[in-house]
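Visitor: I'd like to ask you about the structure that follows.
The values are calculated or read from the model by the stated rules, or taken from the named source; none is laboratory data. Treat the numbers as computed from the prediction; the structure is a model and nothing was measured. All Cβ positions, even for glycine, are placed from backbone atoms using ideal geometry, and neighbour counts span all protein chains on display. Side chains included, ligands, DNA and RNA excluded: accessible areas come from the protein's heavy atoms. Shrake-Rupley method; radii C 1.70, N 1.55, O 1.52, S 1.80 Å.
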Amino acid sequence: DAGVTQSPTHLIKTRGQHVTLRCSPISGHKSVSWYQQVLGQGPQFIFQYYEKEERGRGNFPDRFSARQFPNYSSELNVNALLLGDSALYLCASSLYLQTEAFFGQGTRLTVV
Amino acid sequence: GESVGLHLPTLSVQEGDNSIINCAYSNSASDYFIWYKQESGKGPQFIIDIRSNMDKRQGQRVTVLLNKTVKHLSLQIAATQPGDSAVYFCAEADQAGTALIFGKGTTLSVSS
């Protein structure tokens with residue numbers, strides 16, 4: 001079975017641009033979460049979706065938004081990119097809330 | 001506030017030794033904890049989890065211990081191998097059960 005898949009794997013954007021990151025959860029998993037990991041730090045929670053509804057939001061500006069589709073895949077959108085948005089963006093899927101969360105390989109976003 | 005921290009940023013061991021990685025958490029209301037392993041350029045890999053109604057849980061070569069009295073979590077790796085070299089993170093679920101709060105990580109280096 002495929003694990004959590006994220007696309008693209010790497011991305012370079014210019015300040016002020018918009019970016020969309022995509023995530024496909026493990027088959028059967030209904031919860032998708034997004035995390036930002038800057039170099040040398042642990043992942044920081046951005047959003048969680050369960051059954052297509054937002055269940056949690058971390059301390060990130062409104063430039064960050066997400067959604068979950070009927071097939072449980074998810075998109076993370078970031079508007080008006082800043083240099084500080086450069087990070088590894090991780091998607092995690094779990095069967096339900098507060099169960100084993102499995103991460104994808106991440107999308108490495110570089111903002112120049 | 002909620003935070004999870006690790007006692008040591010780095011740990012160096014010899015192949016075949018047992019490794020112990022420690023983590024202190026601050027939120028006594030947390031009831032779910034996970035250990036992750038992250039290799040360079042990859043997403044975090046689920047190792048083992050434990051709920052607050054347990055003190056100990058064993059997996060393959062790994063054991064997680066939870067001491068709720070002092071809010072301490074540890075990961076024990078038996079017969080450490082070079083392939084165990086990575087950054088290890090502990091994470092706790094927030095009170096709503098939606099977000100995982102990560103610490104900064106411990107880098108485990110295993111020499112042959």
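Visitor: Among strands (runs of 3 or more DSSP E) lying entirely in the range B:15-56, which contain 3 or more residues that are within 30 Å of residue A:9 (Cα to Cα)?
Guide: Correct list: B:32-38, B:45-51.
Visitor: Only residues that are over 20 Å from residue A:28 (Cβ atoms) and surrounded by 13 or more Cβ atoms within 10 Å (Cβ to Cβ): list them for the range A:54-66, please.
Guide: A:54, A:56, A:57, A:58, A:60, A:63, A:64, A:65, A:66, listed by residue number.
Visitor: Look through the range A:32-62, keep the residues that are within 12 Å of chain B (Cβ to nearest Cβ) and farther than 18 Å from residue B:96 by Cβ, and return whichever of them is nearest to the chain's Cα centre (by Cα).
Guide: It comes out as A:36.
Condition check ((1) touching a residue at least 12 places away in the same chain (Cβ under 8 Å); (2) over 30 Å from residue A:107 (Cβ atoms); (3) surrounded by fewer than 19 Cβ atoms within 10 Å (Cβ to Cβ)) across all residues:
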position: B:19; (1), (2), (3): yes, yes, no
position: B:29; (1), (2), (3): yes, yes, yes
position: B:37; (1), (2), (3): yes, no, no
position: B:46; (1), (2), (3): yes, no, yes
position: B:62; (1), (2), (3): yes, no, yes
position: B:79; (1), (2), (3): yes, yes, yes
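Visitor: Out of A:94, A:65, A:74, report the one residue that is within 14 Å of another protein chain (Cβ to nearest Cβ) and of a type in the set (Ser, Thr, Tyr).
Guide: Just a single option satisfies the conditions, and that option is A:94.
Visitor: Which residues, taken from the range B:92-112, are at the interface with chain A (Cβ under 8 Å from one of its Cβ atoms) and either in a loop (DSSP other than H, G, I, E, B) or polar (S, T, N, Q) (or both)?
Guide: Scanning the range B:92-112 gives B:94, B:96, B:97, B:98, B:99, B:103, B:104, B:105.
Visitor: Conditions: (1) open to solvent by 30 Å² or more (accessible area, probe 1.4 Å); (2) without any contact (Cβ under 8 Å) to a residue 60 or more places away in the chain; (3) facing chain B (nearest Cβ under 10 Å). Residue A:102 meets all but one. Number of the miss?
Guide: Checking residue A:102 against (1) open to solvent by 30 Å² or more (accessible area, probe 1.4 Å); (2) without any contact (Cβ under 8 Å) to a residue 60 or more places away in the chain; (3) facing chain B (nearest Cβ under 10 Å), the one that fails is (2).
Visitor: Whether any residue in the range B:64-72 is of a type outside the set (Phe, Trp, Tyr), open to solvent by less than 20 Å² (accessible area, probe 1.4 Å) and assigned to a strand (DSSP E or B) is what I want to check.
Guide: Yes, because at least one residue in the range B:64-72 is of a type outside the set (Phe, Trp, Tyr), open to solvent by less than 20 Å² (accessible area, probe 1.4 Å) and assigned to a strand (DSSP E or B).
Visitor: Based on this model, can you work out whether residue B:40 counts as among the polar types (S, T, N, Q), more than 10 Å from chain A (Cβ to nearest Cβ) and within 29 Å of residue A:6 (Cα to Cα)?
Guide: Considered against the rule, which asks whether it is among the polar types (S, T, N, Q), more than 10 Å from chain A (Cβ to nearest Cβ) and within 29 Å of residue A:6 (Cα to Cα), residue B:40 comes out as yes.
So that you can scan it fast, the table gives a plain yes or no per residue for (1) over 23 Å from residue A:94 (Cα atoms); (2) at pLDDT 90 or above:
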| position | (1), (2) |
| --- | --- |
| B:3 | no, no |
| B:37 | no, yes |
| B:47 | no, yes |
| B:56 | no, yes |
| B:67 | yes, yes |
| B:76 | yes, yes |
| B:84 | yes, yes |
| B:96 | no, no |
| B:104 | no, no |
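Visitor: Something else: Quick one: in the range A:64-88, of everything that is without any contact (Cβ under 8 Å) to a residue 60 or more places away in the chain and in contact with a His (Cβ under 9 Å, 6 or more places away or on another chain), which residue is nearest to residue A:42 (Cα to Cα)?
Guide: Only one residue tops the list, namely A:77.
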